[in-house]
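The values are calculated or read from the model by the stated rules, or taken from the named source; none is laboratory data. Just so you know, these numbers come straight off a predicted model, no measurement behind them. Cβ sites come from the backbone with ideal geometry, for glycine too, and all protein chains shown count toward neighbours. Please note that ligands, DNA and RNA were not included when accessible areas were found on the heavy atoms of the full protein model with its side chains. Shrake-Rupley method; radii C 1.70, N 1.55, O 1.52, S 1.80 Å.
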There are 2 protein chains.
Amino acid sequence: MARKQGSHSDITGPKVREAALRLIARHGYAAVSMRQLAAEVGVQAGALYNYTPDKQTLLFDLMRDHLVDVIESFDKADPKSDANSRLRAFVSFHIRYHLPRADAVFVAYMELRNLEPENFAAIEKLRRAYEDRLEAILRQGEAEGAFAMKDARVATRAIIGMLTGFFTWYRQEGRLPLEEVEAIYWDLVCKAVAR
Amino acid sequence: MARKQGSHSDITGPKVREAALRLIARHGYAAVSMRQLAAEVGVQAGALYNYTPDKQTLLFDLMRDHLVDVIESFDKADPKSDANSRLRAFVSFHIRYHLPRADAVFVAYMELRNLEPENFAAIEKLRRAYEDRLEAILRQGEAEGAFAMKDARVATRAIIGMLTGFFTWYRQEGRLPLEEVEAIYWDLVCKAVAR
DNA sequence: TTTTCAAATGAACAGATGTTCAGTTAGATG
DNA sequence: CATCTAACTGAACATCTGTTCATTTGAAAA
């Protein structure tokens, strides 16, 4: 039954990636088998190997593509002006970007330990690159006299942990609209790094 | 070779739990087999079933015992006085308690999705109970006029995410002494919820 | 010394695992 | 129309999975 209607690599490829993201986010990389993934896509297990050389590379590609997109998107959203505006943009971007991408965030944060060493190193580099964006903003704020904190590196990690923890463990309750969540977080972050 | 020297349940039992915590933290629940765990303990796979009815219950017990201990320990450390003192005690407790228990923290935060539904519900209840301790402090602070924030529930999650993120993803670098880390975090938290 | 039994072994179970590949199919091409 | 070939099937591979249990061991009690 090969080449069914609408069953081209242009369609199956993205389907594999979407299904992998969803299943891995829900059950974890090690707990999802290639046969489960194939079933979710509507294909036999062997067909997946037209889209990835192996399971490990599939995981790596999902994480890398997500992080590369995060960084590129932020660089576009960054006003590159004063530290306060940039920090506000960072918080806003982080929340708005991650909210509709819960599965990708989950995978990128939870599956690091399932990466083989060289893959892990590459992903850590990307994660670090994103953190460095925030750290640079905090240091700019210190230089401008707008912010004050005891340790910019720890503050960076604390803020990212604070922002990401929300999307990582607490699924959208719908209690609060996006603007509200953004305002609440901005209030906390803004005050935390204030002089 | 049964009952080797010093090989009683008083010794093997804790060894199983320690090895499980270490291996699951490092590789994930699904990625650790009972045979790997047994090898780490220095025993055959079958012997593990003297210490747990099954793999799932082992995971659940590790998570439950950790969370129960967290809550009990905090309740002892809680000064139960003014909100500012209590918040300071919470931050100090959280950091000092979790720092030497990185494996348990990791497992309790990362393996929720590998719990069967009723086990998940029980663990979520415990996690919520700990969060509620912090939320109560924040609300007390609001009532006293000491703190001000837009949403105490979101602030609770943000603060816990901020504190826990540190132990979850960033292994101790040794760059900063414990007192320093505590001071940095207290500074951030304190300002974030300030009026 | 003999007895006892908690604690461990090691084989067996049925089924799942990631991956490969010769063969089949059907939409697109000429 | 016949041909081509990307996309997929389905069986096979060696190995691993959680769990059970009859059997063996050896330290401690009698």
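Sorted into 10 angstrom bins from 0, the C-alpha pair distances of chain B split as 8, 31, 30, 19, 9, 3, 0 percent.
Helix A:9-27 and the longest principal axis of the C-alpha atoms of chain A enclose an angle of approximately 60°. Per residue, the solvent-accessible area of the protein assembly as shown (1.4 Å probe, heavy atoms of protein chains only, all protein chains present) comes to 47 Å². For B:Glu179, the solvent-accessible surface with a 1.4 Å probe is about 110 Å², rounded to the nearest 10. A Förster radius of 25 Å, combined with the Cβ-Cβ distance separating B:Lys150 from A:Ala102, puts the computed FRET efficiency at roughly 0.65.
May I ask which residue of B:Val105, B:Leu188, B:Ala39 lies farthest towards the positive end of the charge dipole of the protein assembly as shown, with charges of +1 (Lys, Arg) and -1 (Asp, Glu) on Cβ and the Cα centre as origin? Among B:Val105, B:Leu188, B:Ala39, the one farthest towards the positive end of the dipole of the protein assembly as shown is B:Ala39. When the Cα gyration tensor is reduced to axis lengths a ≥ b ≥ c, the ratio a/c is 1.5 or higher for the protein assembly as shown, and with a/b not above b/c it is classed as oblate. Taking the label point 7 Å along Cα→Cβ, B:Ala136 and its counterparts in the other copies are spaced 4.6 nm apart, in ascending order.
Excluding ligands, DNA and RNA and using a 1.4 Å probe, chains B and A jointly bury around 3600 Å² of accessible surface, summed across both partners.
Which entries of A:Lys150/A:Lys191; A:Lys191/B:Lys125; A:Lys191/B:Lys76 show an alpha-carbon separation above 20 angstrom in the structure shown? Each step should come with its number before you reach the end.
Numbers: A:Lys150/A:Lys191 14 Å; A:Lys191/B:Lys125 31 Å; A:Lys191/B:Lys76 30 Å.
From A:Lys150/A:Lys191; A:Lys191/B:Lys125; A:Lys191/B:Lys76, over 20 Å: A:Lys191/B:Lys125; A:Lys191/B:Lys76.
By the gyration tensor of its Cα atoms, with a ≥ b ≥ c the square roots of the eigenvalues, what is the shape of region B:86-143: rounded for a/c under 1.5, prolate for a/b over b/c, or oblate? Because a/c hits 1.5 or more and a/b fails to exceed b/c, region B:86-143 counts as oblate.
Across the copies of the chain, A:Arg175 has label points (7 Å from Cα along Cα→Cβ) spaced 3.4 nm apart, shortest distance listed first.
Taking 7 Å steps out from each Cα toward its Cβ at A:Glu124 and A:Leu178 produces label points 3.4 nm apart.
For the residues of A:181-191, the average number of beta carbons from a partner chain within 10 Å of their own beta carbon is 5. Which one, B:Ala121, B:Ala77, B:Ile137, is farthest towards the positive end of the dipole of region B:53-192 when Lys and Arg carry +1 and Asp and Glu -1 on their Cβ? Among B:Ala121, B:Ala77, B:Ile137, the one farthest towards the positive end of the dipole of region B:53-192 is B:Ile137. For A:Lys15, go through the lysines and keep the ones whose alpha-carbon is under 19 Å away, minus same-chain ones fewer than eight residues off. Correct list for A:Lys15: A:Lys4, A:Lys55. Within the same chain, aspartates and glutamates fewer than 8 places from A:Lys80 are excluded, and of the rest, those with a Cα less than 17 Å from its Cα are A:Glu72, A:Glu131, A:Asp132, A:Glu135, A:Glu142, A:Glu144. Reducing region A:38-58 and region B:85-159 to their Cα centroids gives an inter-centroid distance of 39 Å.
Relative contact order, whole percent, for chain A stands at 22, derived from Cα pairs under 8 Å and 6 or more residues apart. Protection proxy ranking of B:150-156, B:74-80, by the mean of other Cβ atoms within 10 Å over each peptide's residues and highest first, is B:150-156, B:74-80. Return one number: the angle in degrees, 0 to 90 and rounded to the nearest 10, between the long axis of the Cα atoms of helix B:55-77 and the longest principal axis of the Cα atoms of chain B. Approximately 40 degrees, to the nearest ten. Between copies, how far does the label point of A:Ala47 sit from its twins, in nm, shortest first, when each point is 7 Å from Cα along Cα→Cβ? Taking the point 7 Å beyond Cα along Cα→Cβ, the inter-copy spacings are 4.8 nm. Surface composition of the protein assembly as shown: carbon plus sulfur atoms hold 50% of the accessible area, using a 1.4 angstrom probe and ignoring ligands, DNA and RNA. Test of understanding: extend the Cα→C-beta vector of B:Ala45 to 7 Å, then name every residue of region A:30-44 with backbone N under 19 Å from that spot. Answer for region A:30-44: A:30-33.
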